[in-house]
1. Is there a residue being free of Cβ contacts under 8 Å to residues at least 60 places away in the same chain, out of contact with any Phe, Trp or Tyr (no Cβ under 9 Å at 6 or more places or on another chain) and of a type outside the set (Ser, Thr, Tyr) anywhere in the range 226-242?
2. With the checklist (1) in contact with a Cys (Cβ under 8 Å, 6 or more places away or on another chain); (2) within 20 Å of HIS111 (Cα to Cα); (3) surrounded by fewer than 21 Cβ atoms within 10 Å (Cβ to Cβ); (4) not small (Gly, Ala, Ser) in hand, flag the one item GLN322 doesn't pass.
3. Can you report the number of residues in the range 177-191 which are under 13 Å from PHE323 (Cβ atoms) and of a type outside the set (S, T, N, Q)?
4. Would you point out the residue of the range 180-225, among those that are modelled with pLDDT under 90, within 16 Å of the chain's Cα centre (by Cα) and surrounded by fewer than 16 Cβ atoms within 10 Å (Cβ to Cβ), that is nearest to VAL120 (Cα to Cα)?
5. Do the conditions hold for TYR135, that is, is it outside the structural domain of GLU21 (by TED's automatic domain parsing), surrounded by fewer than 13 Cβ atoms within 10 Å (Cβ to Cβ), of a type in the set (Phe, Trp, Tyr) and in contact (Cβ under 8 Å) with a residue 24 or more places away in the chain?
6. Suppose we filter the range 217-257 for residues that are part of a helix (DSSP H, G or I) and among the polar types (S, T, N, Q); how many remain?
7. Can you find a residue in the range 303-313 that is surrounded by 15 or more Cβ atoms within 10 Å (Cβ to Cβ), assigned to a helix (DSSP H, G or I), charged (D, E, K, R) and touching a helix residue (DSSP H, G or I) at 6+ places or on another chain (Cβ under 8 Å)?
8. Applying the selection to the range 116-126, what residues are surrounded by fewer than 18 Cβ atoms within 10 Å (Cβ to Cβ) and in contact with a Lys or Arg (Cβ under 8 Å, 6 or more places away or on another chain)?
Amino acid sequence: MGTNLILVFLLSLCSISFSQECSRGLLDDIDFPGTDITFLYSPDVNHCQLLCTEHAACQFFTFIRPDWTSDDRHFYCYLKSTPSGQPKTETSLLGVTSGFSLKNCFPYPEHCISQAYSNVDFLGADYRSLFTSDYEECQRVCTQDPGCKFYTFVNASFQNENIRYKCHLKFSWTIPRTLLVERTAGVVSGFAQRIQTPYPFETACQGKLFSSTDIRGSDFENLPAASPEHCQTLCSAHPRCTYFSYDSSDFKCYLKSNANEMVTRSNERVTSGLPAHHCQLNNSWVKDVHQGVDFRGSDIRFELVDDPEECQKKCTQEPNCQFYSYVNKAFRDKQFWRRCYLKRVITIPAPPKVNKLAGVVSGFSLKNCFSSAHPV
């Protein structure tokens with residue numbers, strides 16, 4: 001009996017070790033069929049692997065390369081998961097590359113993507129355009145512009161002569177956005193304490209909030225947010241945002257764009273404000289603990305802990321965790337008591353769509369490539 005228990009224990013340890021091992025290798029012309037969570041667009045397999053690494057549930061992936069010929073799908077990154085953490089099957093398939101999440105790798109992967117992709121268009125997410133002499137200059141402009149995360153440059157061989165040498169600067173979210181915020185008795189939520197505001201400027205600033213005030217119209221996006229200060233950080237990060245309104249009744253952050261006027265009205269449940277540009281916005285909001293609030297979804301895993309403070313500490317210590325929700329004894333269902341849910345969303349720059357297009361060059365900002373000397 002004792003021998004059997006020891007054997008079960010050793011097998012359990014082997015299983016845990018196997019499921020948590022770091023697997024950096026890529027498998028060309030190998031497909032992991034089925035078990036898809038979702039698909040996103042990626043310009044190459046290395047970017048696809050980073051998407052899988054940052055997705056809360058992704059364990060492995062299959063990327064459809066540009067040389068795929070079976071149909072018109074290219075640059076598709078299929079994120080996948082199974083209860084065992086391993087693909088159910090592996091099959092040979094030309095034009096795809098598969099691999100595994102790097103969640104368990106140390107050091108945690110950097111987000112430096114320096115490659116330029118010829119004849120590849122990052123479609124959408126434009127907020128500004130200008131003419132530059134070449135794609136290198138376009139990349140430099142993108143790197144120096146705080147809002148730019150990736151770009152597409154139209155070169156001298158493009159079919160339409162009128163837009164040759166045009167540099168399109170593009171935006172995507174690189175700060176955590178909770179996907180759903182709702183009131184739930186017995187749940188306490190908050191953020192990892194190492195979350196940084198988007199850009200490290202030497203000049204500090206507080207920003208401007210208008211309590212019991214709604215700014216009408218000019219919405220271009222609305223997102224869940226935990227507080228007016230969280231909403232202000234989102235507005236400050238987006239290059240199109242000129243001001244915002246935060247509705248505390250449903251935790252909605254309305255980002256607005258209107259450089260000509262700001263029409264206000266009184267509303268007790270709404271706080272509005274202005275973004276902070278070219279300064280270090282106060283990020284004390286990440287220390288706030290939100291009682292009776294649940295950050296739904298985006299779970300990495302849960303652990304059993306005794307209080308919200310310990311849950312917050314777990315999230316801060318976990319490199320992959322950005323925010324958390326803790327279930328206390330006021331929650332209606334006992335089986336969930338003491339659960340600390342560690343959560344994250346993708347923050348790597350990610351184009352909304354990637355296409356083949358002759359005469360263009362696309363790439364990413366190099367901000368993160370200088371992170372060792374200048375933390376971003």
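The values are calculated or read from the model by the stated rules, or taken from the named source; none is laboratory data. In this text, all values refer to a predicted model and were calculated from it rather than measured experimentally. All Cβ positions, even for glycine, are placed from backbone atoms using ideal geometry, and neighbour counts span all protein chains on display.
1. Within the range 226-242, not a single residue is free of Cβ contacts under 8 Å to residues at least 60 places away in the same chain, out of contact with any Phe, Trp or Tyr (no Cβ under 9 Å at 6 or more places or on another chain) and of a type outside the set (Ser, Thr, Tyr).
2. Looking at each condition in turn, GLN322 falls short on (3).
3. Filtering the range 177-191 down to residues under 13 Å from PHE323 (Cβ atoms) leaves 177-181, 187-191.
Narrowing further to those that are of a type outside the set (S, T, N, Q): 177, 179-181, 187-188, 190-191.
Adding up the residues that qualify gives 8.
4. Ranking the candidates gives GLN196 first.
5. Values: outside the structural domain of GLU21 (by TED's automatic domain parsing): yes; surrounded by fewer than 13 Cβ atoms within 10 Å (Cβ to Cβ): no; of a type in the set (Phe, Trp, Tyr): yes; in contact (Cβ under 8 Å) with a residue 24 or more places away in the chain: yes.
Criteria not met by TYR135.
6. Pass one, the range 217-257, residues part of a helix (DSSP H, G or I): 228-237.
Applying the additional criterion that residues be among the polar types (S, T, N, Q) yields 232-233, 236.
Count: 3.
7. no
8. We begin by selecting, within the range 116-126, every residue surrounded by fewer than 18 Cβ atoms within 10 Å (Cβ to Cβ); these are 116, 118-119, 123-124, 126.
Answer for the range 116-126, where residues must be surrounded by fewer than 18 Cβ atoms within 10 Å (Cβ to Cβ) and in contact with a Lys or Arg (Cβ under 8 Å, 6 or more places away or on another chain): ASN119, LEU123, GLY124, ASP126.
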